[in-house]
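**Q** Take this structure first; my questions come after.
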Amino acid sequence: MPTEMDPRLNPNSIEPPLYSRWMEAGEFSVDPASVLEGGRDPFVIVIPPPNVTAVLHMGHGLNNTIQDVLIRWRRMQGKASLWAPGTDHAGIATQNVVERLIAKEGKTREDLGREAFVDRTWEFVRETGGAILDQLKAIGCTCDWDRTRFTLDPGLSRAVREVFVRLYQKGLIYRGEYIINWCPRCLTALSNEEAEGDEVEGRLYHLRYPLAPEMTDAAASAFDGVQAAAEAIGQLPDGRWYLTVSTTRPETMLGDTAVAVNPADDRYKSLIGGEVDLPLTGRRIPIIADEYVDREFGTGMVKVTPAHDPNDFEMAQRSGVPPLDVMTPEAVMSENAPEAFQGMDRFDARKAVVKAFQEEGLFGGEDPHTHNIPRCYRCDTVVEPRLSEQWFVKMKPLAEPALKASQDGTVTFVPDRWKKVYEHWMENIRDWCISRQLWWGHRIPVWYCQGCGETIVAREDPDSCRSCGSDDLQQDPDVLDTWFSSWLWPFSIFGWPENTEDLKAFYPGHVLSTAPEILFFWVARMIMAGYEFMGEAPFSTVYLHATVRDTKGRKMSKSLGNGIDPLEVVDQFGADALRFTVISAAAVGTDIQLNPDDLEASFAPGRNFANKVWNAGRFTLMTVGDDPIRPLSEVRDDLELSDRWILSRLSVTAESLTQELEKFRLHDVAEKAYHFFWGELADWYLELVKPRLREDADARSREAARTTLVLAFDGILRLLHPITPFVTEELWQKLPWPAGSPRPESLISAQWPVKDPALEDQEAEAQLGAVQDLITQVRSLRKEYGVPEGAEVDVVLTGAPTSFKNALASEDSSIRRLARVGSLTMESSLNEGGAGAHGVLRNGTELFLPLEGVIDLEKERVRLSEEIERLAGQLKGVRAKLQNENFVSRAPAEVVERERNKESNFQEQMTKLQEKLKVFQGP
RNA sequence: GGGCGCUUAGCUCAGUUGGUUUAGAGCGCCUGCCUUACAAGCAGGAGGUCACUGGUUCGAAUCCAGUAGCGCCCACCA
């Protein structure tokens with residue numbers, strides 16, 4: 001019963017029951033048969049699977065609200081709207097979590113052993129994993145939960161193996177020894193994308209390498225060449241010659257196996273082919289020539305550390321210099337390093353190496369140097385480039401169709417500037433390192449025969465070697481990069497490689513909404529996999545949403561502790577408030593800022609709006625009552641100007657919102673729905689219609705008003721439903737329905753409002769707009785002239801167009817009531833006499849409010865005079881200041897400027913007041 | 001170093017192909033209202049030389065060039 005409705009919306013009491021109701025009604029589940037046989041258009045979004053151990057943060061809150069808005073909207077349009085949910089096993093992240101867990105028991109994963117550790121992780125995932133999906137329900141997400149998938153599910157694992165084998169057989173997966181990004185804490189390889197740069201103010205150290213004694217002549221001539229330039233080449237006190245190389249990582253010099261110069265560098269031509277005595281190591285290493293060396297940088301001579309630097313590795317490959325790995329996986333100096341440094345952490349070794357150079361008189365100084373240091377995206381440890389054997393995917397062939405898809409518009413990006421970013425990456429794509437030295441993940445489906453050394457790549461675990469028959473097979477210990485399963489997500493979740501009904505009905509999907517950070521990690525690779533394995537892109541639109549930041553503009557993150565818990569927001573303000581706030585804050589292409597220290601300030605707009613909807617609903621239900629309303633066709637002739645106006649506005653708004661949704665301009669959807677609802681329906685229509693809804697009102701007028709109000713309210717509830725699903729459903733369920741026609745649908749989602757040309761009425765919009773203008777102006781003038789709240793004023797209009805006169809007649813009582821107008825009269829020319837207020841409407845009508853007898857003119861005269869006097873005083877002060885030459889010449893320019901502004905402002909106000917005073921003094 | 005983007009009210013931001021907006025909204029601020037849907041509200045109001053400089057145009061917040069500041073992405077010259 002409407003009368004029982006709370007004057008304030010209490011989201012916590014309505015949201016959970018509504019969600020259950022939707023679930024029970026099977027709202028979210030979509031049957032492939034409805035597409036394949038029923039002919040319904042599908043609309044498919046696959047969720048970016050959150051990490052299985054993740055807890056909901058505002059980034060999820062935003063992204064999943066966006067997806068839910070799109071899914072609900074398409075569902076209302078009658079599409080087979082499917083949102084497929086699931087979670088990602090998140091190799092490193094999850095393994096780290098479990099390792100930390102067992103660390104509390106004083107154990108390491110090695111203590112448990114691989115199998116037990118993996119079991120333990122599964123146990124952890126089964127118990128606590130996927131909680132984030134339940135959290136999504138709290139914000140109203142309507143995923144088809146029956147289809148929940150996990151990237152380590154048997155089905156998805158099968159897809160992973162299938163893909164690995166196919167790519168291997170095609171020659172697109174290979175194994176090789178390369179420099180990769182290595183995390184010495186996680187003890188695994190990282191892809192390029194997983195090593196994130198971090199600009200720091202570091203140091204560039206200059207190291208002197210003595211030249212071999214037989215190089216003396218060459219050194220001397222080179223010395224002449226550089227003309228003792230800087231420190232490039234020189235002589236030590238003991239007579240030996242040296243050359244200088246620079247590095248930001250001195251400890252790596254222990255692994256140097258060459259020094260390189262540019263072959264075209266005339267200065268050092270005589271040195272090429274020579275040797276230097278590498279300090280601290282007792283090793284003698286060659287001087288090689290390589291185009292890579294930049295003659296302009298530093299001395300133009302580079303130390304070459306093939307095992308610890310990707311560029312050095314490539315140079316070494318070209319010239320046949322061997323690599324020397326001087327670190328352990330933990331980035332501790334290994335037995336390949338000189339004894340004095342063995343066992344030292346890389347950063348301690350750095351200091352020790354510098355110190356040793358100083359002691360040997362070989363230190364050439366250091367300079368500040370800004371450069372990027374790559375860090376592990378999971379644990380923030382400084383990444384160590386490391387030589388190791390890994391599995392790679394050859395990306396160039398895969399990238400071709402994916403690049404073309406962007407270029408020809410098959411896949412579009414919102415906002416479209418990401419198109420360029422995507423294409424640039426695709427054009428410069430590098431091979432993907434897919435092996436990880438972890439235990440948690442898809443084991444690489446490769447076995448090595450211990451008998452004959454054969455490498456076996458297979459879909460099913462083999463029992464014995466194909467070539468020698470030995471059953472002594474050892475599986476590759478590594479697992480695959482997490483993204484190697486998630487790049488298959490849009491089709492693996494539907495049962496690929498089987499050609500299932502789901503796959504036929506729901507691939508390709510339509511929209512992919514995600515954070516820009518994972519454009520390369522995931523989105524680009526999904527598009528590549530889509531083409532490679534399904535022959536077409538997995539979706540047609542990529543929506544890259546805003547980044548959620550705090551008030552200082554910092555990205556919200558766990559480590560900064562500046563996050564907002566969406567569940568806390570739901571608890572305090574409701575899911576509708578959360579959703580409305582983030583959608584209206586997230587204009588395409590801009591970030592959103594929220595204040596983690598003041599949730600009230602951040603989410604009040606959404607909360608207030610939901611409450612406004614609630615109260616307008618409360619009013620509607622209370623005044624319309626329980627009696628059935630008449631269908632529009634029956635009251636059509638009784639519609640009044642304001643009725644025609646609001647119905648026209650509804651139709652226009654429905655059309656406009658639909659267009660904005662099609663363009664993914666969700667911010668504008670929220671803004672326009674807000675404006676229609678609050679600024680037009682609540683502020684104007686409800687106020688205009690109030691008297692007509694009273695029991696004692698004219699019956700025909702009342703029925704027209706009831707029908708119009710219910711229709712308009714029904715329409716805006718539906719339009720708002722994708723954004724604020726709960727409050728709209730709750731109210732819609734209570735709305736009365738036309739007599740004789742049973743409620744056609746049980747849930748609000750069954751229909752999306754569309755434009756109705758029969759309701760659009762430009763004349764009504766223009767005329768009611770003018771009525772609003774009049775009311776607003778009268779109110780404004782009343783305030784300006786201090787007309788007491790309760791007093792009525794008369795209004796005289798001149799030059800009103802005929803159509804406006806009709807509008808005035810039909811809304812006469814509204815105008816009197818809303819603007820407290822006594823008599824409203826029309827005159828052919830304005831009465832010049834008498835004290836009063838003047839105004840002009842936008843349609844050209846002039847208005848005059850006689851104020852004699854309404855306000856105390858004498859009092860107003862006195863008030864104005866006093867104000868003028870006060871202003872005159874201030875003006876005098878400012879002028880005196882400006883006439884003071886000392887002030888003008890000595891004060892800062894902006895202060896003088898400010899004073900001048902003050903002067904003109906005062907002058908302006910003065911003129912205004914004087915004119916007003918004239919009116920009150922009569923002719 | 002290369003690429004991209006941003007700079008509009010005290011704050012957070014809109015402003016969709018240059019022209020009906022007097023450059024808008026929310027929050028904040030000022031004034032008056034507990035008017036029987038809503039004080040999480042109503043009515044009215046103050047506040048902006050649209051970063052700067054120059055150009056194109058009948059007309060520029062909007063297009064072009066340059067300058068300054070900020071941010072992001074890519075590549076890593078050791």
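The values are calculated or read from the model by the stated rules, or taken from the named source; none is laboratory data. Since this is a predicted model, take the numbers as computed values, not measurements. Positions of Cβ are backbone-derived with ideal geometry, glycine not excepted, and every protein chain shown enters the neighbour counts. Areas reflect the complete protein model, heavy atoms only, side chains present, ligands, DNA and RNA absent. Shrake-Rupley method; radii C 1.70, N 1.55, O 1.52, S 1.80 Å.
**Q** Quick check: at a probe of 1.4 Å, how many percent of the accessible area of segment A:583-638 sits on carbon and sulfur atoms?
**A** Numbers: 1080 of 2550 Å².
Using a 1.4 Å probe with all protein chains present, segment A:583-638 comes out at 42 percent carbon and sulfur.
**Q** Provide A:60, A:442 ordered by accessible surface of protein heavy atoms (probe 1.4 Å), highest first. Present the calculation step by step, with values, prior to reporting the outcome.
**A** Working: A:60 35, A:442 10 Å².
The ranking, largest first, comes out as A:60, A:442.
**Q** Once the dipole of segment A:558-716 is set up with Lys and Arg at +1 and Asp and Glu at -1 on Cβ about the Cα centre, which of A:561, A:604, A:632 lies farthest towards its positive end?
**A** Farthest along the dipole direction, towards plus: A:632.
**Q** Could you state the angle between the C-alpha long axis of helix A:857-883 and the longest principal axis of the C-alpha atoms of chain A, as a value from 0 to 90 degrees rounded to the nearest 10?
**A** Helix A:857-883 sits at roughly 40 degrees to that axis.
**Q** Counting only protein heavy atoms, what percent of the accessible surface of segment A:285-428 is carbon or sulfur at a 1.4 Å probe?
**A** 49 percent
**Q** Compute the acute angle (0 to 90°) between the alpha-carbon long axis of helix A:310-319 and the principal axis of greatest extent of the alpha-carbon atoms of chain A; round to the nearest 10°.
**A** 40 degrees
**Q** Put +1 on the Cβ of every Lys and Arg and -1 on every Asp and Glu Cβ in chain A; which of A:617, A:245, A:910 then has its Cα farthest towards the positive end of the dipole?
**A** A:910
**Q** Separate question: Can you give me the solvent accessible area of residue A:396 with a 1.4 Å probe, rounded to the nearest 10 Å²?
**A** 110 Å²
**Q** Which percent of the accessible heavy-atom area of segment A:676-794 goes to carbon and sulfur, probe 1.4 angstrom?
**A** Its accessible area is 49 percent carbon and sulfur atoms.
**Q** Taking only C-alpha pairs under 8 Å that are 6+ residues apart, what is the relative contact order of segment A:237-340 in percent?
**A** 29 percent
**Q** Tell me what chain A gives for mean residue ellipticity at 222 nm when only DSSP H runs of n ≥ 4 count, each as -39,500 (n - 2.57), the sum divided by the residue total, rounded to 500 deg cm²/dmol. Don't skip to the end; give the middle numbers.
**A** Working: 32 runs with 390 residues, N = 923.
Only helices count here, giving -13000 deg cm²/dmol.
**Q** Still on this structure, please answer the following. In degrees between 0 and 90, to the nearest 10, how far off the longest principal axis of chain A does helix A:11-24 point, with axes built from Cα atoms?
**A** 70 degrees
**Q** Taking a probe of 1.4 angstrom, what is the accessible area of residue A:755 in Å², to the nearest 10?
**A** Surface accessible to solvent at residue A:755 totals approximately 90 Å².
**Q** Report the charge-dipole magnitude of segment A:249-315 in Debye, nearest 20, computed about the Cα centre from +1 at each Lys and Arg Cβ and -1 at each Asp and Glu Cβ.
**A** That gives a dipole near 240 debye.
**Q** Using Cα centres only, tell me the gap between segment A:408-426 and segment A:621-645 in whole Å.
**A** Computed from Cα coordinates, the inter-centre distance equals 50 Å.
**Q** Quote the charge dipole size of chain A about the Cα centre in Debye, to the nearest 20; the model charges only the Cβ of Lys and Arg (+1) and of Asp and Glu (-1).
**A** Using only the charged Cβ atoms, the result is roughly 1400 debye.
**Q** Test of the criteria: in segment A:139-233, which trypsin sites (Lys or Arg not before Pro) are in a DSSP loop and have at most 13 other Cβ atoms within 10 angstrom of their Cβ?
**A** A:170
**Q** Give the residue from A:371, A:390, A:447 lying farthest towards the positive end of the charge dipole for segment A:360-451; charges sit on Cβ (+1 for Lys and Arg, -1 for Asp and Glu) and the dipole is referred to the Cα centre.
**A** Highest projection toward the positive end goes to A:447.
**Q** So with the 1.4 Å probe, I'd like the accessible area per residue for chain A, rounded to whole Å².
**A** Dividing the accessible area of chain A by its residue count gives 44 Å².
**Q** Within segment A:93-123, which GluC sites (Glu not before Pro) sit in a loop by DSSP and count at most 16 neighbouring Cβ atoms inside 10 Å? The partial results should precede the final answer.
**A** Details: sites: A:99, A:105, A:110, A:115, A:123; in loops: A:105.
Hits after loop and neighbour filter: A:105.
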